[in-house]
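Undergrad: Encoded as structure tokens, here's the structure I'll be asking about.
The values are calculated or read from the model by the stated rules, or taken from the named source; none is laboratory data. Model, not experiment: these values are computed from the prediction. A quick note on method: Cβ atoms are made from the backbone with ideal geometry, for glycine too, and the neighbour counts reach across all protein chains shown.
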Amino acid sequence: MVRYVLRSAVGWLVMIVVATNATFFLASWFLDPRSNYRQLRPVRTEEQISRALRPYGLDPHESLVGRWWHWLSGVVLHFDWGHSPTGASVNSEVAYRVVISGQLVLAGVALSVLFGVALGVYTASRQYGVVDRVSQTVSVVLYNVPTAVGALGLVLLAVWLNQRAGGTVLHVAGASTPGVDGTLPRLLDRLDHLILPTINLALLGYAGWHFTQRALLLDTINADYVRTARATGLTRAQAIRRHALRSSLIPTATSVAFTIPTVFTGAIITETVFGWEGMGRYFTKTISENDVHGTVAVAAFGAVTTAVGAVLADIATVLLDPRVRVS
Amino acid sequence: MAAPIPPLPLDPEVPAPRLGRGRLYRRRFVRNRGALLGVLIFVALVLFAAFGHLLTSWNWADPDLTALTQPPTPAHPFGTGQGGNDLLAECVHGLQRSLVIALSVSALTTVIAAVVGAGTAYLGGRTERVSLAVIHFLLVVPSFLILALISNRVAGDWRVLILVLTLFGWVFNARIVWSVSTSLRERDYVLMAEFMDVSRWRIVLRHIVPHLSSLLIINLTLGVDSTVLNETALSFLGFGVKTPDVSLGSLLADGASTISSAPWLFAYPAGLLVVLTVSVMLIGDGLRDALDPTSRAGG
């Protein structure tokens, strides 16, 4: 088991390295750091701009391979992911943003998977009941709401709620209120800020899990082994839970891994709407500010989250499926 | 030798017409009310995109400087934006953009996915290994980031947006097509075609791909949905369609900044988007049920 996981982790590591380096070349090709300096007044000469960019390894007069080597040796030797064209360190930017994005994405994925799978199981065992039909309709609509629309709708709702309550019940912007002291108040404040964006991610993300889990369970619910299990004296609920559900969870577990990048994309928009300074905002900021090193760091973060998800999915498959033998 | 069995007498009152495949599918599809509703809404939206400009005397690009940020009035049924642009005209134009982008990207990705997925599965060997490696690699690469990188550089030309979305859109479908086709390459009719010395690409195109048609049709419809969502996300963040051009996504982004002072700027494009994606999803669901080979519906 451990060896199997280690082997797949090594495979993913290679993928991450290749993907990150490929992004470096793409980003260097498509982003021009000089344009940040061209907007400055008084006007800088090309020579001055090159001189300003050279210490960060971003000078376009240097060869692409040279810039790549500068960046790569920084990452490998000092774990230094480079600088933005204006000299801000990528490491310090990413360090606190990862935490902010991490809590948002994790909470969003966990809630949507839990709720979606639970609803899928409930409706599959009561196919064509009232709850099944109603929740199916609601899920179809929610599944198709673009993240931006959902997030802005929630903002409207929260603003209206705050006006009715005459104070700030739900925070619409930011990850925390500055100036809140003490462990408990700070924790409560964080949680309050987390509510709306998490609801947004969960509400728009759960529907996919609902559909797939419902379909998967309906496929297995009439299988022979479930009937055999009932023949041994289990109740219908027990047979479904212990036998049908277990095998129908396997494809779900594998696809959790590959939705993490999509959740991350959803988080970009959620962060933009709710004003969270996480990796998603950093993503839009680095691209619009021609920050090559920052963009590459975002890509590396995305690849790492995918890989972590995939390895976890492998482990879950092995634990759930008695037919999978690893050695 | 047994005596030849006399033919069964045909019951004249119960004719048993053999349904053609097309008619069977059509019947199953029409029986699904949700799917019909989806088709109706979709057709209405296409008509709105094509002829909606007749509903207003304003052009989407011309500002009405006497009406800045006005709520809906008879002159401007959807209200006006901050620059005095008529929102109805902008919505019609944006819907047109979004529809054209979504339909063409979805068609292109489906064709590429079918040819690459089925071809890879049939040819096997080194071709299969190499193209699977490429597909897996493209799945790991944060495609949304690269999409944003490229489309930001080319500055909002919708034709380039189609190319870029296609470039990254086919991968996942190709993976699915590949895994389905691996079971098709051993079929008898494929072997038969091989014995008859049919060329390899002809086998892929004439014998394998048609067997994937239901999967491909469903992918085509759902691809419209995911492209609309992707395009909206890109344009919302400012990396897709950009001013002076408008799409539903860029209209949303404009509306987002004035959401409490001028909610109609957000509400109309948002409503159109949701109605569009829901109708496409209903059509896709109906098609999936109608084309399902294991369907228990008799006729």
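Undergrad: Read through the list (1) outside any helix (DSSP H, G or I); (2) out of contact with any Lys or Arg (no Cβ under 8 Å at 6 or more places or on another chain); (3) among the acidic types (Asp, Glu), then give the number of the only condition that residue B:245 fails.
TA: Of everything listed in (1) outside any helix (DSSP H, G or I); (2) out of contact with any Lys or Arg (no Cβ under 8 Å at 6 or more places or on another chain); (3) among the acidic types (Asp, Glu), residue B:245 misses just condition (2).
Undergrad: Considering only segment B:95-128, how many residues are touching a Leu at 6+ places or on another chain (Cβ under 7 Å) and part of a loop (DSSP other than H, G, I, E, B)?
TA: 0
Undergrad: Just the residues that are surrounded by 15 or more Cβ atoms within 10 Å (Cβ to Cβ), more than 18 Å from the chain's Cα centre (by Cα) and either on the phi > 0 side of the Ramachandran plot or touching a residue at least 24 places away in the same chain (Cβ under 8 Å) (or both), please, taken from segment A:158-192.
TA: A:158, A:170, A:171, A:172
Undergrad: Within segment A:1-88, which helices (runs of 4 or more DSSP H) (wholly inside it) include 3 or more residues that are surrounded by 16 or more Cβ atoms within 10 Å (Cβ to Cβ) and within 14 Å of another protein chain (Cβ to nearest Cβ)?
TA: Answer list for segment A:1-88: A:2-30.
Undergrad: Another one. At pLDDT below 85 and within 11 Å of chain B (Cβ to nearest Cβ): does that describe residue A:254? Talk me through it step by step, then tell me what you get.
TA: Details: at pLDDT below 85: yes; within 11 Å of chain B (Cβ to nearest Cβ): no.
So residue A:254 does not fit the description; no.
Undergrad: While we're on this one: In segment B:122-144, which residues are more than 14 Å from chain A (Cβ to nearest Cβ) and touching a Lys or Arg at 6+ places or on another chain (Cβ under 6 Å)?
TA: Quick first cut of segment B:122-144, residues more than 14 Å from chain A (Cβ to nearest Cβ) only: B:122-131.
Once the filter is applied, which keeps residues that are more than 14 Å from chain A (Cβ to nearest Cβ) and touching a Lys or Arg at 6+ places or on another chain (Cβ under 6 Å), segment B:122-144 yields only B:122.
Undergrad: Counting only residues that are within 11 Å of chain A (Cβ to nearest Cβ) and over 21 Å from residue B:94 (Cβ atoms), how many does segment B:145-179 have?
TA: 7
Undergrad: Does residue A:298 count as of a type in the set (Val, Ile, Thr) and out of contact with any Phe, Trp or Tyr (no Cβ under 8 Å at 6 or more places or on another chain)?
TA: On the way: of a type in the set (Val, Ile, Thr): yes; out of contact with any Phe, Trp or Tyr (no Cβ under 8 Å at 6 or more places or on another chain): no.
No.
Undergrad: In segment B:252-281, what residues are more than 7 Å from chain A (Cβ to nearest Cβ) and under 21 Å from the mean Cα position of the chain (by Cα)?
TA: Across segment B:252-281, the qualifying residues are B:269, B:271, B:272, B:275, B:276, B:279, B:280.
Undergrad: Looking only at helices (runs of 4 or more DSSP H) that lie completely in segment A:207-313, which have at least 1 residues being under 18 Å from residue A:197 (Cβ atoms) and free of Cβ contacts under 8 Å to residues at least 60 places away in the same chain? Give the steps one after another, and end with the answer.
TA: Values: elements: A:224-231, A:236-239, A:245-274, A:279-288.
Where helices (runs of 4 or more DSSP H) fall fully within segment A:207-313 and carry at least 1 residues being under 18 Å from residue A:197 (Cβ atoms) and free of Cβ contacts under 8 Å to residues at least 60 places away in the same chain, they are A:245-274, A:279-288.
Undergrad: Shifting gears a bit: Kindly evaluate residue A:117 against the criterion of being farther than 21 Å from residue A:283 by Cβ, under 27 Å from the mean Cα position of the chain (by Cα) and at pLDDT below 90.
TA: Considered against the rule, which asks whether it is farther than 21 Å from residue A:283 by Cβ, under 27 Å from the mean Cα position of the chain (by Cα) and at pLDDT below 90, residue A:117 comes out as no.
Undergrad: Condition first: free of Cβ contacts under 8 Å to residues at least 40 places away in the same chain, within 13 Å of chain B (Cβ to nearest Cβ), among the β-branched types (Val, Ile, Thr) and assigned to a helix (DSSP H, G or I). Can you find one or more residues in segment A:116-131 that meet it? Before you say what the answer is, go through the steps one by one.
TA: Kept after step one, since they are free of Cβ contacts under 8 Å to residues at least 40 places away in the same chain, are these residues of segment A:116-131: A:118, A:122, A:126, A:128-131.
This time we only want the ones that are within 13 Å of chain B (Cβ to nearest Cβ), so: none.
Checked segment A:116-131: no residue is free of Cβ contacts under 8 Å to residues at least 40 places away in the same chain, within 13 Å of chain B (Cβ to nearest Cβ), among the β-branched types (Val, Ile, Thr) and assigned to a helix (DSSP H, G or I).
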